[in-house]
Every structure is written in C-alpha cells, then in structure tokens.
Amino acid sequence: MGKKLTKRSEDYSKWYNELVVQADLAENSAVRGCMVIKPYGYAIWEKMQAELDRMFKETGHENAYFPLFVPKSLFEAEEKNAEGFAKECAVVTHYRLKTDPEDSSKLIVDPNAKLEEELIVRPTSEAIIWNTYKGWIQSYRDLPLLINQWANVVRWEMRTRLFLRTAEFLWQEGHTAHATKEEALQEAELMNNVYAEFAENFLAVPVIKGVKTESERFAGADETYCIEALMQDGKALQAGTSHFLGQNFAKAFDVKFTSNQGKQEHVWATSWGVSTRLMGALIMTHSDDQGLVLPPNLAPFQVVIVPIYKNQEQLDAISQVANELVQDLKLHGVSVKFDNRDTHKPGWKFNEYELKGVPLRIGIGPKDLEKRTVELARRDTLTKEFIAKETVVETVITLLKEIQENLYTKAKNYRNDHITPVDTFEEFKDVLNTKGGFISAHWDGTTETEDKIKEITKATIRCIPLNAKNEEGICVYSGKKSLCRVLFAKAY
C-alpha cells in the first residue's frame, strides 16, 4: 500500500488529496484541471447515480440527452445566465487541424476551418434545452415536462481539487417546464427534498435545507434552494441545488403554451443538479486518519473476506467455507468480495481494505475452521469480534444497518455541535477562527453587508434555513434591523 496518510489535524487539505489518490478513487490527468476517476471511485459514483436515477423516475422524471455544444447566440439569450458563466466557458472556434508546413510531426489549427459561430462547451444546459423545448411545448397538454440528463460539463477552473472543483465534472441536471408558477415552485422544493433524502439516507451526510441569498443564487434563477453539509474541518459544502427559474428562460427562448382557457402564456421553469462533488462530501464527512470510511449503502462491496493461510491445503479448506459465505450473503442482498489473491499477504490486504473504507471485513484462518468461527472487523469503529460461522449472515445484515445509522448519527452530532449562534461581529470572527462550522447570525438582508462580511472574514451566507424562525434582531455587522438568523460559514 501507499505511504501513511497525513493526519487530518496536521493538514486537512493534504490528508484529503492523499486519501483520494491512495484509496484509488481518482487522480490528476494529463489535461490540466481535469481528473481521471478510477474504477473504485467510479463504482461509488455509479451507486450514487443508480439511487438518484431511481428517485427521479419515482417522481415522474424521464432521462434524455442534449448536445455538448451550445451556439454562442443561444448561450447569450438569457443575459443573467450568460453573464454568470461567461468567465468559466471553454469555447470552440475551429473544426479542423492540419499538418504544420514547417514541421510535419506537428499539427496546427487550420485557419480556413474557422466556425461561423463559436460553440460553448456546456457549463450548464439551460440554453440548448430551452431552445429545444420551444419545439416540444405547444399546449397545456404537453405540460408538465419533466426531463433529466446525465452528462458532463466544463467550467474552466484555475484552482482545482479532485472531485471538489475540476474543469470537467460529471453530474445530472433536471430541466422542467410547468403551466403555473405554483407547480414550478413545488417542483423546485420537491427536488431539493429528494436531494436531502438521498444525502441523509444514502450517503449518511446530514444536510440543512435552505434558500440562497440573491447574490448566491444560480445565474438566471428567481430562487435557489440548496442543501448544505458540514465537513470535518468546519467548512461547509454545497451538496445540491434546485432552482426556480420563473419565466426567465421561457421568455428568452419564447417558449409558450396555449392554456386550457385558450390563452398564450410563457411556461414556468426549474433546473436542479448534483455532481461528482458529492464524492468530496462523502470523503470529508466520514473518513479518518486510516483512510476512507464508506456507508454500506454505497460501498462498491459491503463485505470483504480475507483468507489467512500458510499453504495451498489451508487455502483450499478456507476457500470452501468462504465461497459458501459469499453465496449466502449474496442471497441476502449483501455485496461481498472474496480476496483469494496469492500476490499479497493478509496484513497488506487488511490495510488496503481499511484504506478503501470497506464497511466489514471477515478474516478466516485455520484456527477459525477448527472453531467454526470468523473474525469480523468494523471499519467505522475499528473494532473486531469473533462470531460463529452460523450467525455470520444475520450478524452482517444487522451490522450494515447499524454502521449506516452510526455514520449518520456521528456526522449529525458533529454538525449540530458546530452550529453556533452569535450576536456580535466580534463573536462572529472569534467562532469562525477558533471553532469553525456554521455561524447562526442576524443579517440585515442587504447584499452590501453580505459582501462586506465576506471581504473581511471570507465567510459567506450558506443559506437561509427553510425552518428558520421569524426572530427579530440586530444585524451582526451593520446593526440594522433583521428578521431572522441565517447561516454563515467558510466553504469549499
């Protein structure tokens, strides 16, 4: 295995970067700012994808696919959206290369192959999708239109970090059209709730549901709903967003429908998405100084069986028991791997699966065969116990559920312990610099104050919690009247 991980307490950022690489999740690629997601990391993403896809379809959505390229004129159509993403766009200007006349081993851009109109590599797909919807929607009978796309997008980032911020990343983006404002708002809230349910029940990551301030909203949205998570270093991470787009895109692309009263009206819209950034949330919420810690619901395999032997005869005898266990566990819906490789010693394998966060490890040696027992090790608590072979399946099923709940409870307790109410700006700065986490503070509702706090402290308003109480108070910075507390934090 790779070298020992840097401790989180010593250098959290370095710990994270080392863990992603050493646990075989991803690595930097030859393309600056882009990553290669390795098979083990991609297997986790596939599990996320499968569960989200199931949840989307259960709520009536269908999958489609739209072009990677967006003509610049379409991209410009919704001004706020175009302005919001303009600085992150990759732009295609030519469609052909040719051999360099001065060096036949090199290629150059063919100046005669300039595109009539530049193409934007999609940073998000509202423009191309709403241009398409114009041909799909004529009548109220065509609504609601509930479409999701699994795709990659490009947002040109100069400072990147694996999974958290890369120039190209994988995501899903939902784009829906509705006959009324109320329906669209309900859709935006519904999908934010879907994301919250997924994060908490599947990733075991507790989140706070809220809305963004005007300056933090998605470019082109009238309202942005979000789920905010807290990482172990006290920084927040935006884990998903759902946007109520009003009629902005419908008007920009002239998407109208004939209502059941026979009137021509613009449709109401939403868009919503989560990305491979969730991998970062997963890693930073649960993992420890020994490596990755995976919730059983999304571990590529929930149990690994490692044989401990000195000769082929012992391996054969252990393999017989192990293969029986594999079949029994699979029959009960448990994903399991029997690692009978003879290229690595058992101790090496134990370290590997600890680093990779496999929830449960079963060790079987010659003495276990005699006693009809196995050694069962939990990744979340790093505890071990010997159990009777006959009780393995029952015990594993119970423990997997317990581990899933334990990880969520541990993360939720940490999050709750790191929500700190403050009433003065001095308190605000002190908590931010010593404790971190979410700071619950009064804000006067102005972008000017929000920007000033960000400039001074680098903390932003992560959200206005949906369950925030109407509580009059005084803004921690300006001293002006405030109607409720909002959550500030430093964030990824």
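The values are calculated or read from the model by the stated rules, or taken from the named source; none is laboratory data. No experiment lies behind these values; they were computed from the predicted model shown. FYI the Cβ positions are ideal-geometry reconstructions off the backbone, even for glycines, and counts take in every protein chain you see. Just so you know, the surface numbers come from the protein's heavy atoms only, side chains and all, with ligands and any DNA or RNA stripped out. Shrake-Rupley method; radii C 1.70, N 1.55, O 1.52, S 1.80 Å.
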Residues that are assigned to a helix (DSSP H, G or I) and either under 26 Å from ILE120 (Cβ atoms) or over 22 Å from the mean Cα position of the chain (by Cα) (or both), drawn from the range 57-75:
LYS72, SER73, LEU74, PHE75
Restricting attention to the range 74-81, does a residue exist that is on the phi < 0 side of the Ramachandran plot and loosely packed, with under 14 Cβ neighbours inside 10 Å?
yes
List pairs: first in the range 253-271 and among the acidic types (Asp, Glu), second modelled with pLDDT of 95 or more, Cβ under 7 Å, 6+ apart or cross-chain?
ASP254/LYS134; GLU265/LYS256; GLU265/PHE257; GLU265/SER259
Qualifying positions in the range 136-153 - of a type outside the set (Lys, Arg) and open to solvent by 60 Å² or more (accessible area, probe 1.4 Å)
TRP136, GLN138, TYR140, PRO144
So LYS454 passes all but one of these: (1) of a type outside the set (Asp, Glu); (2) within 20 Å of CYS226 (Cβ to Cβ); (3) assigned to a helix (DSSP H, G or I); (4) open to solvent by less than 20 Å² (accessible area, probe 1.4 Å). Which condition number does it fail?
(4)
Take ASP417 and decide whether it is within 29 Å of LEU203 (Cβ to Cβ) and in contact with a helix residue (DSSP H, G or I) (Cβ under 7 Å, 6 or more places away or on another chain).
no
What residue, of GLU46, GLU51, GLU18, GLU27, is acidic (Asp, Glu) and closer than 15 Å to MET284 by Cβ?
GLU18
Residue identified as closer than 21 Å to HIS175 by Cβ and not β-branched (Val, Ile, Thr) among LYS3, LYS47, LYS72:
LYS72
Restricting to the range 344-390, what's the tally of residues that are without any contact (Cβ under 8 Å) to a residue 60 or more places away in the chain, more than 23 Å from GLN327 (Cβ to Cβ) and of a type in the set (A, V, I, L, M, F, W, C)?
1
Could you tell me whether the range 220-240 includes any residue that is crowded, with 23+ Cβ neighbours inside 10 Å and of a type in the set (S, T, N, Q)?
yes
Which is farther than 29 Å from VAL431 by Cα, outside any loop (DSSP other than H, G, I, E, B) and of a type in the set (Asp, Glu), of GLU228, GLU197?
GLU197
State which residue is least open to solvent (accessible area, probe 1.4 Å) when the search covers only the range 22-58 and only residues that are closer than 18 Å to ARG159 by Cα and of a type in the set (A, V, I, L, M, F, W, C).
ALA26
Are there any strands (runs of 3 or more DSSP E) wholly within the range 76-187 with 2 or more residues that are under 28 Å from the mean Cα position of the chain (by Cα) and modelled with pLDDT of 95 or more, and if so which?
90-94, 114-121, 145-154, 168-178
VAL211 fails exactly one of the following numbered conditions: (1) touching a Phe, Trp or Tyr at 6+ places or on another chain (Cβ under 6 Å); (2) closer than 26 Å to LYS14 by Cβ. What is the number of that condition?
(2)
Can you tell me which residue is most open to solvent (accessible area, probe 1.4 Å) among those in the range 457-477 that are assigned to a strand (DSSP E or B) and more than 20 Å from TYR492 (Cβ to Cβ)?
ILE474
Would you mind stating whether ASN413 is modelled with pLDDT under 95 and more than 15 Å from ALA236 (Cβ to Cβ)?
no
May I ask you to verify whether GLU173 is closer than 15 Å to THR224 by Cα and either in contact with a Pro (Cβ under 9 Å, 6 or more places away or on another chain) or among the hydroxyl-bearing types (Ser, Thr, Tyr) (or both)?
no
Residue that is farthest from ALA43 (Cα to Cα) [pool: residues in the range 335-392 that are assigned to a helix (DSSP H, G or I) and among the aliphatic types (A, V, I, L, M)]:
LEU369
Determine which member of the set LYS4, LYS14 is assigned to a helix (DSSP H, G or I), without any contact (Cβ under 8 Å) to a residue 12 or more places away in the chain and under 23 Å from GLN290 (Cβ atoms).
LYS14
Restricting to the range 419-442, and then to whatever is in contact (Cβ under 8 Å) with a residue 60 or more places away in the chain and either hydrophobic (A, V, I, L, M, F, W, C) or open to solvent by less than 30 Å² (accessible area, probe 1.4 Å) (or both), can you tell me which residue is farthest from MET231 (Cα to Cα)?
PHE428
Flagged in the range 359-401 as open to solvent by less than 40 Å² (accessible area, probe 1.4 Å), touching a helix residue (DSSP H, G or I) at 6+ places or on another chain (Cβ under 9 Å) and not aliphatic (A, V, I, L, M), in numbering order, are PRO359, ARG361, GLY363, GLY365, ASP368, THR373, GLU375, ARG378, ARG379, ASP380
